[in-house]
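Engineer: Structure provided below as structure tokens; questions to follow.
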Amino acid sequence: MSKVIVVAGAGGFIGGHLVADMLRQGFKVRAADIKPLDEWYQVHRKADNSAGPLMGDVRDYQNCRRICKGADEVYQLAADMGGMGFIENNKALCMLSVLSNTHMILASQEAGVEKFFYASSACVYNADKQKDPNVTALKEADAYPGLPEDGYGWEKLFSERMCRHFREDFGLHTRCARFHNVYGPNGTWEGGREKAPAAICRKVIAAVVSGKHEIEIWGDGTQTRSFMFIDDCVKGIQRITHSDILEPINLGSSELVTINQLVDIAEEIAGIKLNRSYKLDAPRGVAGRNSDNTKIQGYMGWEPDTRLKDGMEKTYRWIYDEFVDKYDASTAHKSSISTFTKGSHPIPGDGFNPESKNMDTWKQGIPAGYNARSTPKPAKAKKAPVKKKAKPVAKKGKAGKKKGKRVGAR
Ligand code: NAD
Ligand code: GDD
């Protein structure tokens with residue numbers, strides 16, 4: 001009998017790729033996401049998809065119970081998250097992901113699943129160890145004493161800890177990976193949640209398309225990061241889940257670059273040189289961050305090894321196609337508009353809808369009805385009937401042009 005795999009957050013970047021890989025291996029996959037199906041980055045028709053606030057919200061315990069019942073392995077990737085622009089301005093929202101993690105692990109325990117994977121982050125690491133761009137790569141022990149990224153990092157550290165205690169107290173097979181900035185095709189590239197690799201690709205593409213050879217970089221460009229290509233991430237998730245590694249482990253590239261060097265790479269791919277300006281008051285995060293891969297090498301003789309140049313090439317090409325489908329020379333400047341500043345609508349999937357009754361509630365603070373079952377239907381509800389999941393989902397491109405959504409052929 002084929003294993004039953006649950007992926008929560010399957011409409012997102014990493015979840016979409018993970019579902020694709022699980023289906024390739026012949027597993028039965030249940031995919032869940034709070035976003036309506038037509039907002040998923042990848043829709044795989046062979047998966048059993050629970051989409052939208054009613055069926056796919058894993059803050060809701062009953063949804064988790066339904067999704068996890070009879071499952072063999074659970075991959076908990078659902079989170080309200082993004083790059084520095086989002087997490088620095090939406091700390092309370094980031095912390096609310098604790099509801100998804102709590103209910104998913106509880107339901108997995110109740111269902112008696114074989115394995116539970118949790119997607120943690122390099123944002124759990126102590127900020128004092130990341131003050132220098134010439135950072136010493138972070139090893140797993142550097143998460144304590146705790147001084148993680150405010151909001152998002154604290155929630156991740158807490159949820160990691162919860163995994164540990166479910167393992168120790170209840171015997172649940174839990175595994176955690178600390179992802180270091182993941183990038184690749186089929187992920188967020190605009191809107192305010194995008195991370196540096198996608199943002200830089202988009203900005204370079206906007207310059208190419210508009211003919212305005214300028215780029216704005218957040219910070220002074222000397223801050224350093226390592227970036228992991230999505231294929232390495234998907235491979236690492238599964239290896240770690242099936243390993244004997246009990247404690248949270250780094251899953252990241254150790255190829256350290258400055259943000260200026262990241263821009264160099266994107267410029268080289270585009271065959272262009274841009275005038276750079278630096279926005280010093282933009283969200284910057286830590287000064288330097290790299291992944292110490294001694295542990296993962298020791299366990300597996302492997303570490304994420306896709307060269308940044310190669311991964312960026314694939315990412316740039318994908319974002320380019322998305323970009324020119326939506327913008328032209330006269331509208332390219334609009335691609336820099338962020339919908340996710342402080343106080344903007346927080347729920348992925350219901351977002352971008354100014355008519356939503358939740359808008360005012362959220363602006364006032366934690367909403368009384370955060371449980372999506374009590375969320376009123378938006379006036380202009382998107383078509384996402386579960387019955388139609390077998391058909392390719394289409395979205396409108398520019399000038400009303402219909403654009404085929406990537407639908408897994410599997
Ligand atoms: P993503 O935003 O593309 O995907 C997350 C998905 O979770 C989204 O589609 C969102 O709609 C969904 N979601 C949010 N709240 C939900 C809820 N209540 N119920 C169901 N679905 C919900 O992000 P991603 O890059 O694919 O990240 C996946 C996981 O990896 C997240 O837990 C994230 O914190 C973690 N992570 C990612 C990175 C990175 O660089 N991408 C780095 C560190 C950790
Ligand atoms: N997002 C973004 N957009 N960042 C930019 C831009 C831009 O246009 N220009 C420069 N940067 C700089 C940021 O100021 C930051 O210093 C650096 O690029 C990296 O930013 P992000 O990619 O947004 O985030 P991060 O690396 O600090 O943190 C990300 O990775 C963590 C895991 O390592 C986030 O996605 C976290 O959510 C994630 O957990």
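Engineer: Looking at ALA198 and the list (1) part of a helix (DSSP H, G or I); (2) surrounded by 19 or more Cβ atoms within 10 Å (Cβ to Cβ); (3) over 14 Å from the mean Cα position of the chain (by Cα), which single condition is not satisfied?
Structural biologist: (3)
Engineer: If you check VAL257, VAL234, which single one turns out to be part of a strand (DSSP E or B) and not charged (D, E, K, R)?
Structural biologist: Every option except VAL257 fails the conditions.
Engineer: Condition first: outside any loop (DSSP other than H, G, I, E, B) and out of contact with any Cys (no Cβ under 7 Å at 6 or more places or on another chain). Now tell me which residues in segment 117-134 satisfy that.
Structural biologist: Of everything in segment 117-134, those that are outside any loop (DSSP other than H, G, I, E, B) and out of contact with any Cys (no Cβ under 7 Å at 6 or more places or on another chain) turn out to be PHE117, ALA119, SER121, ALA122, CYS123, VAL124, ALA127, ASP128, LYS129, GLN130.
Engineer: Could you list all residues from segment 170-197 that are more than 8 Å from ligand 2 (Cβ to nearest atom) and aliphatic (A, V, I, L, M)?
Structural biologist: Within segment 170-197, LEU172, ALA177 meet the criteria.
Engineer: Would a scan of segment 34-48 turn up a residue that is of a type in the set (A, V, I, L, M), closer than 18 Å to LEU99 by Cβ and not in a loop (DSSP other than H, G, I, E, B)?
Structural biologist: Within segment 34-48 (the criterion being of a type in the set (A, V, I, L, M), closer than 18 Å to LEU99 by Cβ and not in a loop (DSSP other than H, G, I, E, B)), the answer is no, since none of the residues qualifies.
Engineer: To continue, here is another question. Would you mention how many residues in segment 249-260 are surrounded by 19 or more Cβ atoms within 10 Å (Cβ to Cβ), among the hydroxyl-bearing types (Ser, Thr, Tyr) and away from ligand 1 (no atom under 12 Å from the Cβ)?
Structural biologist: Total meeting the criteria: 1.
Engineer: On the basis of being part of a helix (DSSP H, G or I) and in contact (Cβ under 8 Å) with a residue 60 or more places away in the chain, does ARG178 make the cut?
Structural biologist: no
Engineer: How many residues does segment 82-100 hold that are surrounded by fewer than 24 Cβ atoms within 10 Å (Cβ to Cβ), of a type outside the set (Asp, Glu) and in a loop (DSSP other than H, G, I, E, B)?
Structural biologist: 4
Engineer: Might you let me know whether segment 213-235 holds any residue that is touching a residue at least 12 places away in the same chain (Cβ under 8 Å), under 19 Å from ALA78 (Cβ atoms), buried (at least 20 other Cβ atoms within 10 Å of the Cβ) and out of contact with any Asp or Glu (no Cβ under 8 Å at 6 or more places or on another chain)?
Structural biologist: Within segment 213-235, one or more residues are touching a residue at least 12 places away in the same chain (Cβ under 8 Å), under 19 Å from ALA78 (Cβ atoms), buried (at least 20 other Cβ atoms within 10 Å of the Cβ) and out of contact with any Asp or Glu (no Cβ under 8 Å at 6 or more places or on another chain).
Engineer: Just one of LEU157, LEU93 is modelled with pLDDT under 95 and touching a Pro at 6+ places or on another chain (Cβ under 8 Å); which is it?
Structural biologist: LEU93
Engineer: Pick from ALA78, ALA10: which is touching a residue at least 24 places away in the same chain (Cβ under 8 Å), within 16 Å of ligand 2 (Cβ to nearest atom), crowded, with 24+ Cβ neighbours inside 10 Å and not in a helix (DSSP H, G or I)?
Structural biologist: Matching residue, one of ALA78, ALA10: ALA78.
Engineer: Oh, and also: May I ask you to verify whether THR222 is more than 30 Å from HIS333 (Cβ to Cβ), assigned to a loop (DSSP other than H, G, I, E, B) and either polar (S, T, N, Q) or more than 10 Å from ligand 2 (Cβ to nearest atom) (or both)?
Structural biologist: no
Engineer: Residues of segment 1-46 being modelled with pLDDT of 95 or more, closer than 19 Å to PRO185 by Cβ and over 17 Å from the mean Cα position of the chain (by Cα), which ones?
Structural biologist: Within segment 1-46, MET22, LEU23, ARG24 qualify.
Engineer: Please go through segment 137-149 and give me each residue that is part of a loop (DSSP other than H, G, I, E, B) and either aromatic (Phe, Trp, Tyr) or without any contact (Cβ under 8 Å) to a residue 60 or more places away in the chain (or both), ordered by number.
Structural biologist: Hits for segment 137-149 are TYR144, PRO145, GLY146, LEU147, PRO148.
Engineer: Kindly establish whether GLY112 is under 25 Å from VAL19 (Cβ atoms), at pLDDT 95 or above and away from ligand 1 (no atom under 12 Å from the Cβ).
Structural biologist: yes
Engineer: Now for a different question. For residues that are within 26 Å of ARG178 (Cβ to Cβ) and more than 8 Å from ligand 1 (Cβ to nearest atom), tally how many sit in segment 37-82.
Structural biologist: 9
Engineer: Within segment 276-284, does at least one residue satisfy the condition of being within 22 Å of the chain's Cα centre (by Cα) and crowded, with 19+ Cβ neighbours inside 10 Å?
Structural biologist: Looking for residues that are within 22 Å of the chain's Cα centre (by Cα) and crowded, with 19+ Cβ neighbours inside 10 Å, one finds none in segment 276-284, hence no.
Residues checked against (1) buried (at least 22 other Cβ atoms within 10 Å of the Cβ); (2) in a loop (DSSP other than H, G, I, E, B); (3) within 16 Å of ligand 1 (Cβ to nearest atom):
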| position | (1), (2), (3) |
| --- | --- |
| GLU247 | no, yes, no |
| LEU262 | yes, no, yes |
| LYS273 | no, yes, no |
| LYS295 | no, no, no |
| PRO304 | yes, yes, yes |
| MET312 | yes, no, yes |
| ILE319 | yes, no, yes |
| HIS333 | no, no, no |
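Engineer: If you check TYR299 against the conditions, is it assigned to a strand (DSSP E or B) and in contact (Cβ under 8 Å) with a residue 24 or more places away in the chain?
Structural biologist: no
Engineer: Tell me which residues, restricted to segment 117-142, are more than 9 Å from ligand 2 (Cβ to nearest atom) and of a type in the set (Gly, Ala, Ser).
Structural biologist: ALA119, ALA127, ALA137, ALA141
The values are calculated or read from the model by the stated rules, or taken from the named source; none is laboratory data. Note that this is a predicted model, so its numbers are computed, not measured. Don't worry about glycine lacking a Cβ; one is built from the backbone with ideal geometry, like all the others, and counts go over all protein chains shown.
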